[in-house]
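First up is the structure itself, then whatever we jot down about it.
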Amino acid sequence: MEGGFAVFPGLAKPVTIDCDALPRSQSKRLRKLVERADFFALPLQSDAPRLPDARAYTIAIDDGPQCRTVTVREPIADPALRELVAELRERAATARRAR
């Protein structure tokens, strides 16, 4: 994550979320959100206009046969993608607290 109103270097550090290490319900939810957002068909760069203080999220997903890295900028128009980003932010926050 980068951008926003204030700079918090810890939030910009990459976080890896291993679905296989998550509880089954969380793993299933993440996989479903990736599918609903049609993540592997997304453009590499968001077409959202660059707005001052808006956040951008670089998301890389490797599910074995497919691997894709995209950058999504706020505002996120697609509800399915917005829900995926929200879930990934929550999982990342949990991972940071566990460090």
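The values are calculated or read from the model by the stated rules, or taken from the named source; none is laboratory data. Just so it is clear, the model here is predicted, and its values are computed rather than measured. Every residue, glycine as well, gets a Cβ built from its backbone with ideal geometry; the counts of neighbours run over all protein chains shown.
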Query raised in the report: Out of all the residues in the stretch 54-68, which are closer than 20 Å to residue 20 by Cβ and in contact (Cβ under 8 Å) with a residue 12 or more places away in the chain?
Result: 59, 61, 63, 66, 68
Query raised in the report: Among the residues of the stretch 69-86, is there at least one that is modelled with pLDDT of 90 or more, closer than 18 Å to residue 19 by Cβ and outside any helix (DSSP H, G or I)?
Result: yes
Requested in this report: Considering only residues that are of a type in the set (Val, Ile, Thr) and either loosely packed, with under 12 Cβ neighbours inside 10 Å or under 9 Å from the mean Cα position of the chain (by Cα) (or both), look in the stretch 72-90 and name the one that is farthest from residue 30 (Cα to Cα).
Outcome: 72
**Report entry** Residue check, residue 51 assigned to a helix (DSSP H, G or I), in contact (Cβ under 8 Å) with a residue 12 or more places away in the chain and surrounded by 11 or more Cβ atoms within 10 Å (Cβ to Cβ)
**Finding:** no
Report task. Identify, by number, the condition in (1) touching a residue at least 40 places away in the same chain (Cβ under 8 Å); (2) exposed (fewer than 10 other Cβ atoms within 10 Å of the Cβ) that residue 24 doesn't meet. Result -> (1)
Query raised in the report: Going by the structure shown, is residue 59 surrounded by 15 or more Cβ atoms within 10 Å (Cβ to Cβ), aliphatic (A, V, I, L, M) and more than 11 Å from the chain's Cα centre (by Cα)?
Result: no
Report task. Only one of these is closer than 16 Å to residue 14 by Cα and hydrophobic (A, V, I, L, M, F, W, C): 41, 80, 98. Name it. Result -> 98
**Report entry** Considering residues of the stretch 27-48 that are loosely packed, with under 14 Cβ neighbours inside 10 Å and not in a helix (DSSP H, G or I) only, the residue modelled with the lowest pLDDT
**Finding:** 47
